[in-house]
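Before any comments, here is the structure.
The values are calculated or read from the model by the stated rules, or taken from the named source; none is laboratory data. Owing to the predicted nature of the structure, the values given are computational and were not obtained by experimental measurement. Cβ placement follows ideal geometry from the backbone for every residue including glycine, while neighbour counts extend to all protein chains displayed. The area values use the complete protein model at the heavy-atom level, side chains included, leaving out ligands, DNA and RNA. Shrake-Rupley method; radii C 1.70, N 1.55, O 1.52, S 1.80 Å.
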Amino acid sequence: PQIMARSRHIILKHKSKWNEQQKIRARILFTKFPDLEMAYGLFLKLVYINEKTSVGVARLNLANVF
């Protein structure tokens, strides 16, 4: 339960902004919950699509992701 409580902020941030303690917690969390790691990966893809492309291209890329 403690890892879940301390990890809620981790999955709301980009992994490039994690500190060392958050990286350790994320590794533990994703080991115990691999589906959560997959969902986080999708989140990162959506962030990338949103930040790096125009609206039309983002829609095409989003359709390719799903």
Can you name every residue in the range 1-59 that is open to solvent by less than 100 Å² (accessible area, probe 1.4 Å) and among the basic types (Lys, Arg)? LYS13, LYS23, ARG25
Scanning the range 43-55 residue by residue, the ones that are farther than 13 Å from LYS15 by Cα, in a helix (DSSP H, G or I) and in contact with a helix residue (DSSP H, G or I) (Cβ under 7 Å, 6 or more places away or on another chain) total 2
Return the pairs, sorted by first residue and then second, in which the second residue is modelled with pLDDT of 85 or more and not β-branched (Val, Ile, Thr), the first residue lies in the range 36-52 and is over 15 Å from LEU62 (Cα atoms), the beta carbons are less than 6 Å apart, and the residues are 6+ apart or on different chains. GLU37/PHE30
What are the residue pairs meeting all of these: first residue in the range 1-18, first residue in contact (Cβ under 8 Å) with a residue 12 or more places away in the chain, second residue outside any loop (DSSP other than H, G, I, E, B) and open to solvent by 60 Å² or more (accessible area, probe 1.4 Å), Cβ atoms under 7 Å, and 6 or more apart or on different chains? ILE3/ILE28
Checked the range 56-66 for anything free of Cβ contacts under 8 Å to residues at least 12 places away in the same chain and either part of a helix (DSSP H, G or I) or acidic (Asp, Glu) (or both); matches are GLY56, VAL57, ALA58, ARG59, LEU60, ALA63, ASN64
When only residues in the range 19-35 that are without any contact (Cβ under 8 Å) to a residue 24 or more places away in the chain and among the aliphatic types (A, V, I, L, M) count, which is nearest to VAL65 (Cα to Cα)? ALA26
